[in-house]
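Visitor: Below: one structure in structure tokens.
The values are calculated or read from the model by the stated rules, or taken from the named source; none is laboratory data. Just so it is clear, the structure is predicted and the values come from calculations on it, not from any experiment. Here the Cβ positions follow ideal geometry from the backbone for every residue, glycine too, while neighbour counts run over all protein chains shown. Heavy atoms of the whole protein, side chains included, go into the accessibility calculation; ligands, DNA and RNA do not. Shrake-Rupley method; radii C 1.70, N 1.55, O 1.52, S 1.80 Å.
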Amino acid sequence: MNIPQSSNPRIVIIGAGFAGISLAKKLKNKNVQVVLIDKHNYHTFQPLLYQVATGGLEAGSIAYPIRKVIQEYKDFYFRLTSVKEIDTENQKIISEIGELNYDYLVIATGSKTNYFGNKEIERNSMSMKTIPQSLNIRSLILENFEQAVLTKDETDRNALINFVLVGAGPTGVELAGALAEMKKAILQKDYPDLDISKMQINLIQSGDRILNTMSEKASVAAEQFLTKLGVKIWKNVRVTNYDGRIITTNSELTFDSATVIWTAGVQGAAISGLDAKSLVEKVERIRVNQFNQVVGYKNIFAVGDIASMETEKYPQGHPMMAQPALQQGDLLGENFLRLLENKSMKPFEYHDKGSMATIGRNLAVVDLPHYHFNGVFAWFVWMFVHLFSLIGFKNKAVVFLNWVYNYIRFDREGRLIVRPYKKRSFVTFTSDEV
């Protein structure tokens, strides 16, 4: 990897998400050599991916160059690659561009979509964990409408403009609200030759309420908001298969749709090489102790979504959200400095600052530790928190201006097919149809 030798201990961080960046900032210009590794050369602000997918923002406004983050950090290096394996015996990582030894290793690889072993759903549905995936969703949505204006078959046309979102957590709810607003104010203008009233937005939840990680008050308010926007909510329904056209469930309920977006679950993005006892089965998260040390290892740590720190309050690990990742990365940076000074490490304690979700224009729900509210004020709180959580002044300014413009004009000008997405089509046109 062409990393120079250093008299300082080498800390290798795999992943530049919220946890990895938080840790990197804490180690700025300290007596350590840091190598930050990621398969992208940018940090993604994932909470706004749904706005990229629905044309509200361009991808560049929620991404920030990793090298720009660390450009003033001494003895700090970035390498663009994917890590394939961890050789714990020889204390080195094996990547696509070579091998690298470490004194301390931090796994901050985040999470990936969990399809619960259903390969056909994985093959035919869309996921939204990265910027490329969001751009694929945006392209597919718009391509479906372009295809719908061409076909004369009403069944095919309805399937093309029928959207099914599986999983009613914050991502599914926010995406459903954004699609509903597109239907209400934009698509009928773009496609006057289509009956947009037949466009369906179906939100499927396997449990008995949406936003089940938030308060019941927030769930009820969000459901009311979505229903008023025209979203059809299906609770206690579990999707069992999707062949690219027909969605089957655990009941007699079926859906005919060309677009299924899977937001029903996530699992850790694990790397091979660790002892099997260190991994939590099914969710692929890495077991860590209260100092974020991987169980069974003294110099390997895991932070963020990939880490499962089992406590009395969180028996299945902390929520796979930004706040635990940021807090774990920050404390681990402090603990590294304490280790180098031969001091004992501080145990991690999660401070829940609350959670929130936006449903649409002037509509959001916010849960604070001792207070819950929704509506217009919650919407402004949601915007403020997300705006100031972005990295970089330019990104903050661009997102803010986009939001102001979209609010005034009730528009989303990012609905561009700049990178066509080719999904297996179920509509075959004859020459006279085109």
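Visitor: Would you say Val288 is surrounded by 23 or more Cβ atoms within 10 Å (Cβ to Cβ) and free of Cβ contacts under 8 Å to residues at least 24 places away in the same chain?
Guide: On the way: surrounded by 23 or more Cβ atoms within 10 Å (Cβ to Cβ): yes; free of Cβ contacts under 8 Å to residues at least 24 places away in the same chain: yes.
Considered against the rule, which asks whether it is surrounded by 23 or more Cβ atoms within 10 Å (Cβ to Cβ) and free of Cβ contacts under 8 Å to residues at least 24 places away in the same chain, Val288 comes out as yes.
Visitor: Oh, and also: Open to solvent by 70 Å² or more (accessible area, probe 1.4 Å) and among the hydrophobic types (A, V, I, L, M, F, W, C): which single residue out of Ala302, Ala270, Ala276 fits that description? Show your work before the answer.
Guide: Values: Ala302 fails: open to solvent by 70 Å² or more (accessible area, probe 1.4 Å); Ala270 fails: open to solvent by 70 Å² or more (accessible area, probe 1.4 Å).
Just a single option satisfies the conditions, and that option is Ala276.
Visitor: If you check Ala159 against the conditions, is it within 28 Å of Glu413 (Cβ to Cβ), of a type in the set (A, V, I, L, M), open to solvent by less than 10 Å² (accessible area, probe 1.4 Å) and at pLDDT 95 or above?
Guide: Numbers: within 28 Å of Glu413 (Cβ to Cβ): yes; of a type in the set (A, V, I, L, M): yes; open to solvent by less than 10 Å² (accessible area, probe 1.4 Å): yes; at pLDDT 95 or above: yes.
Yes: the conditions hold for Ala159.
Visitor: Under 6 Å by Cβ, and 6 or more places apart or on different chains, what pairs join a residue from segment 110-133 that is under 19 Å from Asn41 (Cα atoms) with one that is of a type in the set (Phe, Trp, Tyr) and surrounded by 18 or more Cβ atoms within 10 Å (Cβ to Cβ)?
Guide: Partner pairs satisfying both residue conditions: none exist.
Visitor: Could you list all residues from segment 103-123 that are surrounded by fewer than 20 Cβ atoms within 10 Å (Cβ to Cβ) and either acidic (Asp, Glu) or not in a strand (DSSP E or B) (or both)?
Guide: Passing the criteria: Asp103, Asn114, Tyr115, Phe116, Gly117, Asn118, Lys119, Glu120, Glu122, Arg123.
Visitor: Please indicate, with yes or no, whether at least one residue in segment 227-247 is assigned to a helix (DSSP H, G or I) and at pLDDT 95 or above.
Guide: We begin by selecting, within segment 227-247, every residue assigned to a helix (DSSP H, G or I); these are 227-228.
Next, only the ones that are at pLDDT 95 or above stay: 227-228.
Scanning segment 227-247 turns up at least one residue that is assigned to a helix (DSSP H, G or I) and at pLDDT 95 or above.
Visitor: So which residues in segment 270-299 are modelled with pLDDT of 95 or more and either touching a Gly at 6+ places or on another chain (Cβ under 6 Å) or on the phi > 0 side of the Ramachandran plot (or both), if there are any at all?
Guide: Those that are modelled with pLDDT of 95 or more and either touching a Gly at 6+ places or on another chain (Cβ under 6 Å) or on the phi > 0 side of the Ramachandran plot (or both): Gly273, Arg285, Asn292.
Visitor: Next question. Considering only residues that are closer than 30 Å to Thr259 by Cβ and assigned to a loop (DSSP other than H, G, I, E, B), look in segment 45-89 and name the one that is most open to solvent (accessible area, probe 1.4 Å).
Guide: Kept after step one, since they are closer than 30 Å to Thr259 by Cβ, are these residues of segment 45-89: 45-64, 82.
Applying the additional criterion that residues be assigned to a loop (DSSP other than H, G, I, E, B) yields 45, 54-58, 82.
On the way: Phe45: 11, Thr54: 3, Gly55: 1, Gly56: 3, Leu57: 2, Glu58: 82, Ser82: 30 Å².
Ranking the candidates gives Glu58 first.
Visitor: List the residue pairs whose Cβ atoms are under 7 Å apart, where the first residue sits in segment 64-90 and is free of Cβ contacts under 8 Å to residues at least 40 places away in the same chain, the second is open to solvent by 30 Å² or more (accessible area, probe 1.4 Å) and not in a loop (DSSP other than H, G, I, E, B), and the two are 6 or more positions apart or on different chains.
Guide: That search, which allows pairs on different chains as well, returns Pro65/Tyr42.
Visitor: Can we say Leu23 is open to solvent by less than 10 Å² (accessible area, probe 1.4 Å), under 24 Å from Leu337 (Cβ atoms), outside any helix (DSSP H, G or I) and modelled with pLDDT of 95 or more?
Guide: On the way: open to solvent by less than 10 Å² (accessible area, probe 1.4 Å): yes; under 24 Å from Leu337 (Cβ atoms): yes; outside any helix (DSSP H, G or I): no; modelled with pLDDT of 95 or more: yes.
The answer is no for Leu23.
Visitor: Might you check whether a residue that is open to solvent by 50 Å² or more (accessible area, probe 1.4 Å), more than 21 Å from Ala16 (Cα to Cα) and touching a strand residue (DSSP E or B) at 6+ places or on another chain (Cβ under 6 Å) occurs anywhere in segment 357-375? Spell out how you get there, then give the answer.
Guide: Looking only at segment 357-375, we keep the residues that are open to solvent by 50 Å² or more (accessible area, probe 1.4 Å), and these are 361, 368-372, 374.
Retained after the next criterion (residues that are more than 21 Å from Ala16 (Cα to Cα)): 361, 368-372, 374.
This time we only want the ones that are touching a strand residue (DSSP E or B) at 6+ places or on another chain (Cβ under 6 Å), so: 374.
Looking through segment 357-375, at least one residue is open to solvent by 50 Å² or more (accessible area, probe 1.4 Å), more than 21 Å from Ala16 (Cα to Cα) and touching a strand residue (DSSP E or B) at 6+ places or on another chain (Cβ under 6 Å).
Visitor: Looking at Ile94, Ile11, can you tell me which residue is modelled with pLDDT of 95 or more and open to solvent by less than 20 Å² (accessible area, probe 1.4 Å)? Spell out the reasoning first.
Guide: Numbers: Ile94 fails: open to solvent by less than 20 Å² (accessible area, probe 1.4 Å).
Answer to the check: Ile11.
Visitor: Considering segment 214-226 alone, what residues qualify as being closer than 22 Å to Val260 by Cβ and either open to solvent by 10 Å² or more (accessible area, probe 1.4 Å) or of a type in the set (Gly, Ala, Ser) (or both)? It would help to see each step written out before you state the result.
Guide: First, pick out the residues of segment 214-226 that are closer than 22 Å to Val260 by Cβ: 222-223, 226.
The answer is Ala222, Glu223.
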